[in-house]
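**Q** For reference, the structure I am asking about is given below.
The values are calculated or read from the model by the stated rules, or taken from the named source; none is laboratory data. Owing to the predicted nature of the structure, the values given are computational and were not obtained by experimental measurement. Heavy atoms of the whole protein, side chains included, go into the accessibility calculation; ligands, DNA and RNA do not. Shrake-Rupley method; radii C 1.70, N 1.55, O 1.52, S 1.80 Å.
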Amino acid sequence: MMNIKRNPEQGLARQPHLANLKIVKRDGRLVDFDDQKIYDALVKAQRNTQGELTPIDHEHIMDIVESIDHEIAARFQTNVKIYEVQNIVEHILLTKNAYALAEEYINYRTRRDFERSKATDINFTINKLMNKDQSVVNENANKDSNVFNTQRDLTAGIVGKSIGLKMLPPHVANAHQKGDIHYHDLDYHPYTPMTNCCLIDFKGMLNNGFKIGNAEVESPKSIQTATAQISQIIANVASSQYGGCSADRTDELLAPFAELNYQKHLRDAEEWIEAPDRREAYAKSKTRKDIFDAMQSLEYEINTLFTSNGQTPFTSLGFGLGTSWFEREIQRAILQIRINGLGSEKRTAIFPKLIFSVRRGVNLDATDPNYDIKELALECATKRMYPDILNYDKLVELTGSFKVPMGCRSFLQGWKNEQGEEINVGRMNLGVVTLNIPRIALEANGDQDKFWAILADRLQIVKDALVYRVERCKEASPANAPILYMYGAFGERLDRKDNVDQLFKNKRATVSLGYIGLYEAAAAFYGGEWEHDPEAKAFTLSIVKELKAHADAWGDEYGYHFSVYSTPSESLTDRFCRLDTEKFGEIDNITDKEYYTNSFHYDVRKNPTPFEKLDFEKDYPQFCSGGFIHYCEYPVLQQNPKALEAVWDFAYDRVAYLGTNTPIDHCYACGYEGDFNPTERGFECPQCGNHDPKSCDVVKRTCGYLGNPQARPMVNGRHKEISARVKHLQQ
């Protein structure tokens, strides 16, 4: 239940100068004195001791707050430190014989002090790791915490987080620990000045050569060598940053190397085959096999790679726009290999993420030259969930140019160099800080004016955090990550002593303001069924519009591209909700679900059609083009690809980036295919009860990308959200 909002006439108006009083926070910030916070804290403490409060209880607490206001007004004329306010609260509680309330309030303060200390106590967190605490070992669904190198990375991450929290500006660290914001990837940054995700300049590296370790690598002379080099580049890039990496327009990238194969086979044919018409057929047949083998090797190599941070590199391959014979064969091979599956059991590959580009005149309509490839992509999506699709025209409209995201959903904006050339590959993101939007709505307690005031205050903290991220990244040396800065992954090739900032400034790089929970924020003001309320939707749109206005202003001020990013909050969806439940209790449609809704997505517990969902969500990405994805829930689609095509076609002029969420779980014990049931011991086959990861393939979409929750458990909030999705799909 929400707290009763106090009438300010009962406090500040009776002590006029308190309206100008400033609180000195522990991190040194000055904020306006607000006795509503004292009231809320005492209500929470009273509720913890006796349960729900009566109107008389609220009146009693209001009287206590008035006494506190009077004491503060008598003792302080300008600024007052936070611990002095807390001491006055404790003193007044004791003088009014509110012993139970005083004890709970004091205990709460003590617990908070302990939590702050534990966050930077390396020994405490190492002990949690040793005891396999889920919040530590299951933070990332793509890291297997059972293997040694992941355990080593988690241990290093604990040290990195502890040191990083001490490096951050104090008010940023405090806001992160409280759950007002989330400073992403603290296990890597700011302890190291690593960058986040990127679009690797594969074309420049493959054509001009590069260096890895002690090896000088020349330009490949075949598609097989090209894909082998790509896998090595991916492994080294992923070990030099902490985010995802992508290959843009893979079919067009690799086609010249496939043509080298063709020319070789054609020369062989001219030597051994007399009939000219058979020579070309021979060369194409051999080249087709080379292409398939090369792309199959790339699929297996990516899925067997382990980087220095203990996980398979988060990799995305974009393709679909090429129309030459070589480009079409590469597209076809990528899709057919994914349909075939991995190994003898034909399991679904988690990586690379496949992103199929759809463009009117190329492959959208049945009369387009590549429509047959689109049909194969549809078949693949019904059986393996990937590929996701990028709608060319809409993406250009939203971001200013066409390119795949960097890993999952982080998009670069259109950018030209000093020569006026459009540059996409070789660019990167410098990190993310995410804002807890539902918390602001809960703190506002029904007052939208207060919501906007709190949002403005939090955005200042986010700004400081993002500026700090940029400044820390600028401290890197090219020698820290040679594959990125010196050997071409970031496009330009710097010398060891060059300033890396030349690759970041002038808005070449992005740094992202993330957000979570628009659904819950609107639910706080309009109730849980607000999606069809125009006023409620306008409120949520105004939030992301406000975020974009601030991000744009910061970009103009500092010269870096501050983008608004719809956070893929795999563990954050749980963390923010858990912290807010501790602070506000269980609140209908907000904290009671045990998870927060990703970004602008339609409430997963409801059952809109894909068309309704896309029509609802299409209005948001114009304000958050730095990162977004839509995905729709379907029943089993393997026998009905035309149903999926109807959604893809509907989406083309409405959304830019769309994923498929359809049941593809497989039980090798009984042969069942469909959706496994979520249970306390993991996901199990609804037909035979099998839940052994060795004899079943369970694949779920988590935060826009695929994961195997059976093999690698996820945090509670993600499990709850997937359970809700499975239930409504089975209805």
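**Q** For the chain, with equal point scatterers placed on the C-alpha atoms only and solvent neglected, what are the log10 I(q)/I(0) values from the Debye formula at q = 0.06, 0.07 1/Å, to two decimals?
**A** Cα-only, vacuum Debye calculation for the chain: -0.39, -0.52.
**Q** Excluding same-chain residues fewer than 8 positions from Lys161, which aspartates and glutamates have a Cα within less than 15 Å of its Cα?
**A** Reachable aspartates and glutamates: Glu115, Asp121, Glu139, Asp153, Asp185, Asp187.
**Q** Any of Lys505/Lys548; Lys178/Lys548; Lys25/Lys583; Lys606/Lys694 with alpha carbons more than 29 Å apart? Name them for me. Can you show the working numbers first?
**A** Values: Lys505/Lys548 19 Å; Lys178/Lys548 24 Å; Lys25/Lys583 19 Å; Lys606/Lys694 33 Å.
Cα-Cα > 29 Å for Lys606/Lys694; rest within.
**Q** Might you work out the accessible area of Glu684 for me, using a 1.4 Å probe with all protein chains in place, and round it to the nearest 10 Å²?
**A** Its heavy atoms expose roughly 40 Å² to the probe.
**Q** Hey, another quick one. Convex hull volume of the Cα atoms in segment 609-672, per residue, in Å³? Each step should come with its number before you reach the end.
**A** Working: hull volume 5.4 nm³, N = 64.
Looking at segment 609-672, the number lands at 85 Å³ per residue.
**Q** Which lysines have a Cα lying under 17 Å from the Cα of Lys383, excluding residues fewer than 8 positions away in the same chain?
**A** Lys346, Lys353, Lys374, Lys642, Lys700
**Q** Tell me which residues come under 5 Å, amide H to amide H, from Ile212 once H is placed; ignore anything under 5 positions away on its chain.
**A** Val217
**Q** Would you mind getting the accessible area per residue of the chain, heavy atoms of the protein chains only, 1.4 Å probe, in Å²? Intermediate results must be reported in sequence, preceding the final value.
**A** Working: 29300 Å² over 731 residues.
Per-residue accessible area for the chain comes out at 40 Å².
**Q** Still on this structure, I have one more. Give the angle, between 0 and 90 degrees and rounded to the nearest 10, that separates the Cα long axis of helix 572-584 from the longest principal axis of the Cα atoms of the chain.
**A** Taking the Cα atoms of the chain, the angle to 572-584 is about 10 degrees.
**Q** Hull surface divided by four, with the convex hull built on the Cα atoms of segment 166-268: how many nm²?
**A** 8.8
**Q** Find the relative contact order for the chain and round it to a whole percent, using C-alpha pairs within less than 8 Å whose residues are 6+ positions apart. List each step's numbers first, then the result.
**A** On the way: 1317 pairs, mean separation 91.1, N = 731.
Rounded, it is 12 percent for the chain.
**Q** Of all beta bridges DSSP finds with both residues in the chain, what is the antiparallel percent, to the nearest 5?
**A** Numbers: 26 of 59 bridges.
DSSP beta bridges in the chain are roughly 45 percent antiparallel.
**Q** Let me ask you something else. For helix 371-384, what angle does its Cα long axis make with the longest principal axis of the chain, in degrees from 0 to 90 and rounded to 10?
**A** Approximately 50 degrees, to the nearest 10.
**Q** Please compute the contact order of segment 601-669 in relative form: average sequence separation of alpha-carbon pairs under 8 Å and at least six residues apart, divided by the residue count, as a percent. List each step's numbers first, then the result.
**A** Working: 54 pairs, mean separation 25.9, N = 69.
Relative contact order here is 37 percent.
**Q** Treating segment 262-362 as a set of equal point scatterers at the Cα positions, no solvent, please give the Debye-formula log₁₀ I(q)/I(0) at q = 0.24 Å⁻¹.
**A** The computed values of log10 I(q)/I(0) come out as -1.20.
**Q** For helix 250-272, report the angle its Cα long axis makes with the longest principal axis of the Cα atoms of the chain; keep it between 0 and 90° and round to the nearest 10°.
**A** Result, in degrees: 10.
**Q** With the cut-off at 13 Å, report for segment 340-385 the share of all Cα pairs above it, as a whole percent. Please list the in-between numbers first.
**A** Details: 624 of 1035 pairs.
The answer is 60 percent, as a whole percent.
**Q** For Arg427, Arg267, Arg605, Arg575, give the ranking by accessible area with the largest first, probe 1.4 Å.
**A** Arg267, Arg605, Arg575, Arg427
**Q** A further question follows. Leaving out ligands, DNA and RNA, and with a 1.4 Å probe, what % of the accessible surface on the chain is carbon or sulfur?
**A** Values: 14240 of 29300 Å².
Carbon plus sulfur share of accessible area: 49 percent.
**Q** Going by amide H atoms built from the backbone, whose H comes under 5 Å of the H on Ile587, apart from near neighbours?
**A** Asp592
**Q** In what sequence, largest accessible area first, do Met167, Met406 appear using a 1.4 Å probe?
**A** Values: Met167 70, Met406 5 Å².
Output order, biggest surface exposure first: Met167, Met406.
**Q** Using the Karplus curve 6.51 cos²θ - 1.76 cosθ + 1.60 with θ = phi - 60°, what ³J(HN,Hα) values do you get for each residue of segment 467-483, in whole Hz, with x for Gly and Pro?
**A** My calculation for segment 467-483 gives 4, 5, 4, 4, 4, 5, 4, 5, 7, 5, 10, x, 5, 5, 9, x, 4 Hz in order.
**Q** Could you report the accessible area of Lys545 in Å², rounded to 10, computed with a 1.4 Å probe on the protein chains as they sit in the structure?
**A** About 120 Å², rounded to the nearest 10.
**Q** Taking H placed 1.01 Å from N in the peptide plane, check which residues at least 5 places from Cys696 or on another chain put their amide H under 5 Å from its amide H.
**A** HN-HN under 5 Å from Cys696: Tyr668.
**Q** Give me the percent relative contact order of segment 146-247, please, defined on Cα pairs under 8 angstrom at least 6 residues apart.
**A** Details: 88 pairs, mean separation 27.4, N = 102.
So the answer I get is 27 percent.
**Q** On average, how much area does the Cα convex hull of segment 293-411 cover when viewed from any direction, in nm²? Write down the numbers at each step before the final one.
**A** Details: hull surface 32.3 nm².
About 8.1 nm², averaged over all directions.
**Q** Give the average over all directions of the projected area of the C-alpha convex hull of segment 470-604, one decimal, in nm². The partial results should precede the final answer.
**A** Values: hull surface 41.4 nm².
One quarter of the hull surface, i.e. the mean projection, equals 10.4 nm².
**Q** Taking a probe of 1.4 angstrom, what is the accessible area of Lys203 in Å², to the nearest 10?
**A** Probe radius 1.4 Å; accessible area of Lys203 about 140 Å².
**Q** Residue by residue through segment 397-407, which ³J(HN,Hα) values in whole Hz follow from phi under the Karplus form 6.51 cos²θ - 1.76 cosθ + 1.60 (θ = phi - 60°), with glycine and proline marked x?
**A** In residue order, the calculated couplings are 4, 7, 10, x, 6, 9, 6, 7, x, 8, x Hz.
**Q** Sort Trp648, Trp452, Trp272 by accessible area with a 1.4 Å probe, largest first.
**A** Numbers: Trp648 5, Trp452 80, Trp272 200 Å².
The ranking, largest first, comes out as Trp272, Trp452, Trp648.
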